[in-house]
Amino acid sequence: MAEASSITTPAELDAAYDLAIVGAGPAGMAAAKEAAGHGLSVLVLDENAGPGGQIYRAITRSPAPGLAALGADYWKGAPLAADFLAAPVHYAAGTTVWSLAIAAEGSGHEIGVSIAGAARMVAAREVILATGALERPFPVPGWTLPGVMTAGGAQTMLKASGLVPDGRVVLAGSGPLLYLLAAQFVAAGANISALLDTTPSANWGRALPHLPAFLASPYLRKGLALLWKTRRSLRVMRGVSAISAEGDGKLASVRFSKGGAAETLPCDLLLLHQGVVPNINLSNAAGCAQDWDETQLCFTPRLDAWFESSVPGVAIAGDGAGIAGAESAALRGTLAAIGAAFRLGHLDAVERDSRAAPVRAELARMGRGRAFLDHFYQPAKPLRIPPQDDTIVCRCEEVTAGMIRAAVAHGVTGPNQMKSFLRCGMGPCQGRQCGLTVTEMIAEARGLPPTEIGALRLRPPVKPITLSELASLPKTEAATRAVVR
Amino acid sequence: MSATGAGGQPDVIVIGGGIHGCSSALHCAMRGMRVLVLEKDYPGRHASGVNAGGVRQLARDFAEVPLSVLSMALWHRIAELVDDDCGFTSDGQVLVAETEEELTGFRERVRKLNDLGFTHEELIDVTELRRLVPAVSDSCPGGIVSRQDGAAVPFRATQAIRRKAETLGARVLEGVRVETLARRDGVWTVATSAGAFQAPVVVNAAGAWAGRIAAMAGEPVPLKVIAPMLMITERRPHFIEPVVILRGRKLSFKQFANGTVLIGGGHEGRPNPDTNETILDWAKLAESAQTVWEVFPVMRGASIMRAWAGIEASMPDHIPVIGPSARNDGLYHQFGFSAHGFQLGPGTGAVMAELIATGATNTPIDAFRIGRFQHDPPQSAAAP
Amino acid sequence: MFRRLPEARGEPLNFTLDGKPFSARSGDSVAAALLAAGIETCRATPVSGAPRGPYCMMGVCFECLVTIDGVGNRQGCLIPLSEGMRIETQQGARAIAQEVA
């Protein structure tokens, strides 16, 4: 039986591949397996030490195999990862992808990667970006204090290290994932002081038209079970607003408002979460067009039926294509790989469509009920657009909401001019933690929809590389380019 | 929309909202002219907003020196001129010699400048070089310093100049693309994506797109669209005051007050002026990284945070086109600064306004005449 | 802040933080190892010197930047811990100010 070859140094890379896949989560793993099955030479590039992405983090190297606390949905990742590792592909773990661009000559793309401290450019005729999601920014006073983390971050520690939140733990925010995480932490023995639910009650009205589809969807059963479990085992406070983390140099308490009254809970660990958004830094920097999603309140790439972006030969699958969850991600990855195999001539149109038909049917089934969740769990506006002027928006450059509003009043019209004025989005995270907030803030201040404000133009390297790494780049003809705007 | 609408017909239409267009708008407005700036994107979107911000008289072509000296005087009172200091700091610029041979050439250059009456460039020995730039590699034998030089924040500077021009009555229209130019009865009609505008005088300050504007006026030029690349590091401990440039290898190097280090020097990516996109050439950026590695050992642990390129116009002789059209009355050119026009912005705007208002200037700009590229029989943009 | 599940497996690994000895487990990222050791602050920002600690644990926030075996600005949440690692907190603004003085 064939199996994936691990790439641990740049020297082990082929000069060119039919298909490069960025990300080894469910979409990337499924795409790799599908593409290899059609005879494509495939390179999978992933930042993490093992396959699984965030959702199936550490699935092949769990510190507590079979741990019930993580739930059956997590362990569904195991066969997917096993299939992936059995596929004849090149797999570079612990690898940073820092640039993607159309090759200077001929067709195809060039990808800037760093493996084991050395940089290389790799050529690929087709690319699938399976870069997944990240947690939506949660810009509230004190969110930069040590002791405040994302709930997903704490989940990563549970999956990868068997570490459970300890001491006085408060979860705050909204979204289905928040309840899942709470249930996992409780099942793993964490002592959760409270779950502060910030879902605005007005969302019911917006979500109601989508209720019938939700009732018929697989989400319902899971959701009800979760709600039942968490309600029974921890203190859930609804209708919470105006959250702030307080403490001198580190977190000491969380302050919030419930029913108009201010309350304070002492805590050692505050876990924030208000949904996830596509991680589009690489596709943005590669020039892929994107649009504002009015429901999910984020930018999503503009894609065709095969998940191909506005840049020919670059497809985007998984949650990076718009949030739809892990099982949909794998199906999207499969479809994107079928599309790539067709474009490379490994499938004709009939084979492509017949192969894709059952996958599409399953994807449609998985998507039922999503609209209800998207509407119901839209995060509250004051938790997306900080009303207090001294709240930090750009964590890297410590740019506050007040500075951003003042800049708009001064005539700054968009995030790129804002970047030039205030440096927000210019720090190492490249706007991952402030981009959406800045766009929504400018839109609100100018009274325009976010789609007219647009997104930060991101520049490669999309993750910092050291001067030494760059200096080590071989100066070959097959060089070395990236699109910026 | 027409120019007879709000604001009345302008005296001058400036095409291009870069630092040059905004500066000419400002200086024309200061002389009481009604000015309309047409910008296809937003002011400072391209080379003017994303360049290295070097404010440099150092190492210029001799033809540019008088204009550069004039512009430098304006930079030193920029806050007074535009009500914003534009982030301008004057810590000098140093041209580092990497070899004795280079230093010999530098000596000759400084002597020649002195003969012409310019004293801003000063030859320095290894001791003074080490004092000014302690981090430079031990192998460099000396250089030239221009102590009045410095750097500014490009986007902020362009915006400040634009805003001051607006304060004085200039109008700036963003997202307006010029489609055709025609002149009849002493009046230019500029047809744009937002309707036609009319004025007796047009200034072509369209940067990388100035060649298209010149061609619309029947005056094609051998302009090359280029995409000079830059990269910047994370905030690092402060180690250098002046801007450093090399002659033999392409490098310019500047640490900002916030600690970030900008690495440039003219390696070019590939521009696409139709889409505003540029394609970086990582092999050449790797060369820059290698040069920094050698000249500044202290930088070896630095991280590169971003790299980008601005879209700019370059002329075959690497000096700009400045002055009246050779073929059409009422048309003035101000482009082709060949990736070193940022410092010239304030001064060139002043010269343009002087030319438009008085028909002449005392600043020598003959070397920049557009006619140097014209060998064909004259054409004119006059309507038949 | 975090405690290890009793059933969690993994070999003990030793590391130092600013010269002081600690231990964690194989499979931990550097950032997880710090949190497991009760260390929630790993750096001071280069802008204001404010304390920061690991936040996202998935490589997107760049809050867990530390110096590892002499190399600065490494993302602690993406680097697997290994035996004998020398980890140092980064004192951004202070370090920069010292060099200016």
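When the P(r) is computed for the protein assembly as shown, the part past 55 Å accounts for 17% of the Cα-Cα pairs.
Taking B:Gly117, B:Gly207, B:Gly266 as the candidate residues, the one with maximal mean-square fluctuation in a Gaussian network model of chain B, Cα springs under 10 Å, is B:Gly117.
Under the definition of Cα pairs under 8 Å and six or more residues apart, what whole-number percent is the relative contact order of chain A? Walk me through the numbers on the way to the answer.
Details: 1103 pairs, mean separation 93.2, N = 485.
Dividing the mean separation by the residue count of chain A yields 19 percent.
Tell me the total accessible area that A and C bury against each other, 1.4 angstrom probe, in square angstrom rounded to 100. Don't jump to the answer; show the numbers that get you there.
Numbers: alone 19610 and 6280 Å², together 22290 Å².
Chains A and C together bury approximately 3600 Å².
Check cross-link reach from A:Lys76 to the lysines: straight Cα distance under 19 Å, and skip same-chain residues fewer than eight apart. Here the lysines satisfying the reach criterion relative to A:Lys76 are A:Lys33, A:Lys159, A:Lys222.
Distance between the 7 Å Cα→Cβ label points at B:Leu116 and A:Ala11: 5.3 nm. Both numbers refer to the Cα atoms of chain B; Rg and Dmax are 20.9, 67 Å. Isolated cysteines in chain A, defined as those with no second cysteine Cβ under 4.7 Å, comprise A:Cys267, A:Cys288, A:Cys298, A:Cys396, A:Cys429.
For peptide B:252-261, how many partner chain Cβ atoms fall within 10 Å of a residue's Cβ, on average?
Numbers: counts 0, 0, 0, 0, 0, 1, 6, 8, 3, 1.
Averaged over the peptide's residues, the number is 2.
Given the convex hull over the Cα atoms of region B:82-167, what projected area results after averaging over all orientations, in nm²?
Values: hull surface 28.8 nm².
If I average the Cα hull's projected area over directions, I get 7.2 nm².
Here A:Lys419 is the anchor, and the lysines within straight C-alpha reach of less than 19 Å, apart from those fewer than 8 places off in the same chain, are A:Lys463. Surface burial for A against B, with a 1.4 Å probe and both sides summed, reaches about 3300 Å² of accessible area.
Could you give the accessible area per residue of region B:4-123, probe 1.4 Å, as a whole number in Å²?
Details: 4420 Å² over 120 residues.
Result: 37 Å² of accessible area for each residue.
The contact residues of region A:414-428, meaning those that lose at least 40 Å² of 1.4 Å-probe accessible area when all protein chains sit together rather than their chain alone, are A:Gln417, A:Ser420, A:Phe421, A:Arg423, A:Met426, A:Pro428.
When the residues A:Trp306, B:Trp282 are ordered by accessible surface, computed with a 1.4 Å probe over the protein chains alone, the sequence from largest down reads A:Trp306, B:Trp282. Three principal axis extents of region C:12-93 based on alpha-carbon atoms, in descending order, are 36, 25, 22 Å. When A:Ser328, A:Ser41 are compared by accessible area of protein heavy atoms, the largest-first order is A:Ser41, A:Ser328, using a 1.4 Å probe.
Step by step: find N for chain A, compute 2.2 N^0.38 Å, then divide the Cα radius of gyration by it. What's the final number?
On the way: Rg = 22.2 Å, N = 485, 2.2 N^0.38 = 23.1 Å.
It is 0.96.
For region C:12-93, the relative contact order comes to 38 percent (Cα pairs under 8 Å, sequence separation of at least 6).
In this structure, A:Ser310 and B:Asn362 have a Cβ-Cβ separation that, at R0 = 56 Å, corresponds to a calculated FRET efficiency of about 0.60.
A probe of 1.4 angstrom, applied to the heavy atoms of all protein chains, finds A:Ser217 with accessible area near 10 square angstrom. Surface composition of the protein assembly as shown: carbon and sulfur make up 54 percent of the accessible area, probe 1.4 Å.
Partner lysines whose Cα lies under 27 Å from the Cα of C:Lys20, excluding those fewer than 8 positions away in the same chain, are identified as A:Lys250. Under a Gaussian network description of chain B, with springs only between Cα atoms under 10 Å, the residue in B:Gly175, B:Gly143, B:Gly323 that fluctuates furthest is B:Gly175.
Per-residue ellipticity at 222 nm computed for the protein assembly as shown from its helices equals -8500 deg cm²/dmol, with DSSP H segments shorter than 4 residues left out and the rest contributing -39,500 (n - 2.57).
The values are calculated or read from the model by the stated rules, or taken from the named source; none is laboratory data. Bear in mind the structure is a predicted one, so any value in this text is a computation, not a measurement. Please note: Cβ atoms are built from the backbone with ideal geometry, for glycine as well, and neighbour counts cover all protein chains shown. Side chains included, ligands, DNA and RNA excluded: accessible areas come from the protein's heavy atoms. Shrake-Rupley method; radii C 1.70, N 1.55, O 1.52, S 1.80 Å.
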